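What follows is one structure encoded as structure tokens, with my remarks underneath.
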Amino acid sequence: MPDSHGPTHVALLRGVNLAGNKKIAMADLKTLIASLGFHEPQTLLQSGNVVFRCKGRTCEQIERQIETALQKRLGLQSHLFVRDAEEWRALVAANPFPREAAADPSRMLVMCLREAPGAAAVKALQDAIVGKEVVRAKGRHAYFVYPDGVGQSKLTHYMIEKQFGSGTARNWNTVTKIAALFRT
């Protein structure tokens, strides 16, 4: 990708295309991103992941711009979490659960957050877990291992957001697929 279009970013939409809620076609998302002046948009899966290039805007500015456009143009309200390539590579490198990620990447999740959770919030969440799940946080990212799978877990998105605030999670398979798009 040419440098003239700026660094690569990923935008992760929260809670889209889950159980028929907040539906958005990835083609529509890609078109919206391009119409906002972002370059070379590529979507990944149906869960609201879009990689693109952008110059001269912060991640926070991009979040606000895309969230506003989603609402105005598509009638979709969704929190959005944007990371640049450097942050994404750091997120991958900081994984505190490399063995679990390699053994069963679908049971290891990363949650992108608006703000970094404090140590007390991380401890409170870990103390509230009644199963085998484990959580660690580094900056604006939280890492989770669900040994028995996410679907049967009592560690819900609601419990996590109660301690950490708004976020969106992707399993390790998706995290590494996004990382691979940054290399192209």
- request: Kindly list the number of the only condition in (1) under 21 Å from Ala180 (Cα atoms); (2) part of a loop (DSSP other than H, G, I, E, B); (3) not small (Gly, Ala, Ser) that fails for Glu87.
  value: (2)
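Among the basic types (Lys, Arg), out of contact with any His (no Cβ under 9 Å at 6 or more places or on another chain), crowded, with 17+ Cβ neighbours inside 10 Å and under 30 Å from Arg53 (Cβ atoms): is that true of Arg170 in this structure? Spell out how you get there, then give the answer.
Values: among the basic types (Lys, Arg): yes; out of contact with any His (no Cβ under 9 Å at 6 or more places or on another chain): yes; crowded, with 17+ Cβ neighbours inside 10 Å: yes; under 30 Å from Arg53 (Cβ atoms): yes.
The answer is yes for Arg170.
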- prompt: Looking at the range 99-108, is at least one residue among the hydrophobic types (A, V, I, L, M, F, W, C) and within 18 Å of Gly139 (Cα to Cα)?
  reply: yes
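Just a yes or no: is a residue in the range 87-106 of a type in the set (Ser, Thr, Tyr) and touching a strand residue (DSSP E or B) at 6+ places or on another chain (Cβ under 7 Å)?
Taking the range 87-106 and keeping what is of a type in the set (Ser, Thr, Tyr), we get 106.
Within this subset, residues satisfying the condition of being touching a strand residue (DSSP E or B) at 6+ places or on another chain (Cβ under 7 Å) are 106.
Scanning the range 87-106 turns up at least one residue that is of a type in the set (Ser, Thr, Tyr) and touching a strand residue (DSSP E or B) at 6+ places or on another chain (Cβ under 7 Å).
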Top-ranked residue in the range 137-157 [being within 10 Å of Ala169 (Cβ to Cβ) and hydrophobic (A, V, I, L, M, F, W, C); ranked as surrounded by the fewest Cβ atoms within 10 Å (Cβ to Cβ)]: Val150
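Looking at Leu76, Leu29, which one is assigned to a helix (DSSP H, G or I) and not assigned by TED's automatic domain parsing to the domain that holds Thr156?
Details: Leu76 fails: assigned to a helix (DSSP H, G or I).
It is Leu29.
Residues being part of a helix (DSSP H, G or I) and of a type outside the set (A, V, I, L, M): count how many of those fall in the range 141-178. Break it down into steps so the answer makes sense when it comes.
If we filter the range 141-178 for residues that are part of a helix (DSSP H, G or I), which is where we start, we get 157-164, 172-178.
Pick out the ones that are also of a type outside the set (A, V, I, L, M) and you get 157-158, 161-164, 172-174, 176-177.
Looking only at that region, the number is 11.
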Residue in the range 49-84 that is surrounded by the fewest Cβ atoms within 10 Å (Cβ to Cβ), counting only those that are of a type in the set (Lys, Arg), touching a residue at least 40 places away in the same chain (Cβ under 8 Å) and under 21 Å from Phe182 (Cβ atoms): Lys55
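If you take the residues of the range 96-121 that are among the hydrophobic types (A, V, I, L, M, F, W, C) and over 16 Å from Ala169 (Cα atoms), which of them is surrounded by the most Cβ atoms within 10 Å (Cβ to Cβ)?
From the range 96-121, those among the hydrophobic types (A, V, I, L, M, F, W, C) are 97, 101-103, 108-113, 116, 119-121; that's our starting set.
Filter once more, keeping what is over 16 Å from Ala169 (Cα atoms): 102-103, 119-121.
Working: Ala102: 11, Ala103: 12, Ala119: 8, Ala120: 9, Ala121: 18.
Per the criteria, the residue is Ala121.
Which of the residues that make up the range 90-135 are part of a loop (DSSP other than H, G, I, E, B), under 21 Å from Gly151 (Cα atoms) and of a type outside the set (Asp, Glu)?
Phe97, Ile129, Val130, Gly131, Lys132
For residues that are at positive phi and in contact (Cβ under 8 Å) with a residue 60 or more places away in the chain, tally how many sit in the range 118-174. Walk me through how you get there before you give the answer.
If we filter the range 118-174 for residues that are at positive phi, which is where we start, we get 139, 149, 165.
Adding the requirement that they be in contact (Cβ under 8 Å) with a residue 60 or more places away in the chain leaves none.
The qualifying residues number 0.
The values are calculated or read from the model by the stated rules, or taken from the named source; none is laboratory data. This is a predicted model, so every value here is computed, not measured. No Cβ is skipped: glycine too gets one built from the backbone with ideal geometry, and neighbour counts run over all protein chains shown.
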